[in-house]
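Each remark here refers to the structure printed beneath this line.
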Amino acid sequence: MKSKSYFWTLFVGLVFLTVWEILVHLFGTSALVMPAPTRVADVLWKSLVNGFLWPHIWQTLVEVFWGIALGGLLGCVGGIVLGESKQLRSLFMPYVVLSQVVPKLALAPLFIVWFGFGVLPTVVMTALICFFPLLENTVTSLQQVDPQKLELFKMLRASRWQTLWRLKIPSSLPSIMAGFRVAVVLAWVGAVVGEFIGSSKGLGALIIAAQGSMDTPLMFAVLVVITVLGISSYWIVQAFERRFLQS
């Protein structure tokens with residue numbers, strides 16, 4: 001059944017690309033406005049073969065990795081703390097939400113002033129975007145543990161620490177992992193947005209450079225790379241989640 005589903009997903013994608021290719025040639029659309037998929041594929045292949053894209057891919061991968069690591073740690077730890085304390089949740093949750101309401105693109109210039117140019121401001125931007133889904137899912141799942149199981153742990157005179165580590169966190173793992181999947185996808189958004197302003201290397205910086213030189217096929221090629229990497233990271237986390245939760 002899954003193989004059939006994958007087939008139809010691939011089929012729809014191929015139909016879309018074929019129609020795109022036909023329409024571009026049919027209307028004689030300039031590559032400056034909308035390049036054909038074959039033109040994008042050609043630029044992408046040449047950029048990979050000659051090594052042009054690899055330093056930018058590596059830079060963004062490093063930023064995404066550290067952004068997820070920092071944001072994930074803050075999200076999980078913060079979620080556990082706020083989930084366990086109603087007082088702290090009432091005190092800090094409005095500020096957590098406020099940190100997500102403020103447009104990240106507006107914060108990028110401030111991060112450059114505070115942290116300088118390079119990797120650090122982009123990592124901070126990525127972490128800021130990543131931590132909220134994990135924190136929100138952790139807080140919510142810790143409050144939705146089965147009341148009967150909680151009552152059983154009370155009857156067994158389990159300490160608060162034992163209840164947390166042996167009941168609440170294991171019960172919350174599916175929801176926490178779902179938040180992590182969302183965070184992994186959003187990490188690519190954070191890294192690319194951060195590179196738009198504060199970096200001279202990376203896939204986001206390359207998009208800005210391609211825009212400045214009016215190289216639309218290269219812009220599309222970079223977007224394809226970001227899409228593939230984002231989907232791949234999501235699938236990796238999904239596969240790890242299945243193996244981890246089933247073990």
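Among the candidates Ser99, Ser159, single out the residue that is farther than 29 Å from Leu229 by Cβ and at pLDDT below 85.
Details: Ser99 fails: farther than 29 Å from Leu229 by Cβ.
Result: Ser159 is the single residue among Ser99, Ser159 that is farther than 29 Å from Leu229 by Cβ and at pLDDT below 85.
Let me confirm something: among Gly75, Gly13, which residue is part of a helix (DSSP H, G or I), in contact with a Cys (Cβ under 8 Å, 6 or more places away or on another chain) and among the small types (Gly, Ala, Ser)? First the steps, then the outcome.
Details: Gly13 fails: in contact with a Cys (Cβ under 8 Å, 6 or more places away or on another chain).
Result of the check over Gly75, Gly13: Gly75.
Of all residues in region 233-247 being more than 11 Å from the chain's Cα centre (by Cα) and polar (S, T, N, Q), which is nearest to Phe180 (Cα to Cα)?
Restricting to residues being more than 11 Å from the chain's Cα centre (by Cα) and polar (S, T, N, Q), the top hit is Gln238.
From Val40, Val15, Val33, grab the single residue that is farther than 23 Å from Gly202 by Cα and in contact (Cβ under 8 Å) with a residue 60 or more places away in the chain.
On the way: Val40 fails: farther than 23 Å from Gly202 by Cα; Val15 fails: in contact (Cβ under 8 Å) with a residue 60 or more places away in the chain.
Val33 is the lone residue from the list that is farther than 23 Å from Gly202 by Cα and in contact (Cβ under 8 Å) with a residue 60 or more places away in the chain.
Out of everything in region 187-207 that is surrounded by fewer than 19 Cβ atoms within 10 Å (Cβ to Cβ) and assigned to a helix (DSSP H, G or I), what residue ends up being modelled with the highest pLDDT? Spell out the reasoning first.
Step one: list which residues in region 187-207 are surrounded by fewer than 19 Cβ atoms within 10 Å (Cβ to Cβ), which gives 189, 196, 200-201.
This time we only want the ones that are assigned to a helix (DSSP H, G or I), so: 189, 196.
Working: Val189: 88, Phe196: 81.
Out of the qualifying residues, it is Val189.
How many residues are more than 28 Å from Ser232 (Cβ to Cβ) and surrounded by 14 or more Cβ atoms within 10 Å (Cβ to Cβ) when one looks only at region 79-98? Let's see the steps before the verdict.
The first filter runs over region 79-98 and keeps only residues more than 28 Å from Ser232 (Cβ to Cβ), leaving 80-98.
In the following step, the residues that additionally are surrounded by 14 or more Cβ atoms within 10 Å (Cβ to Cβ) were identified as 80-84, 89, 92-93, 96.
The total comes to 9.
The values are calculated or read from the model by the stated rules, or taken from the named source; none is laboratory data. The structure presented is a predicted model; accordingly, all values stated were derived computationally and were not measured. Cβ coordinates were reconstructed from backbone atoms using ideal geometry, including for glycine residues, and neighbour counts include every protein chain displayed.
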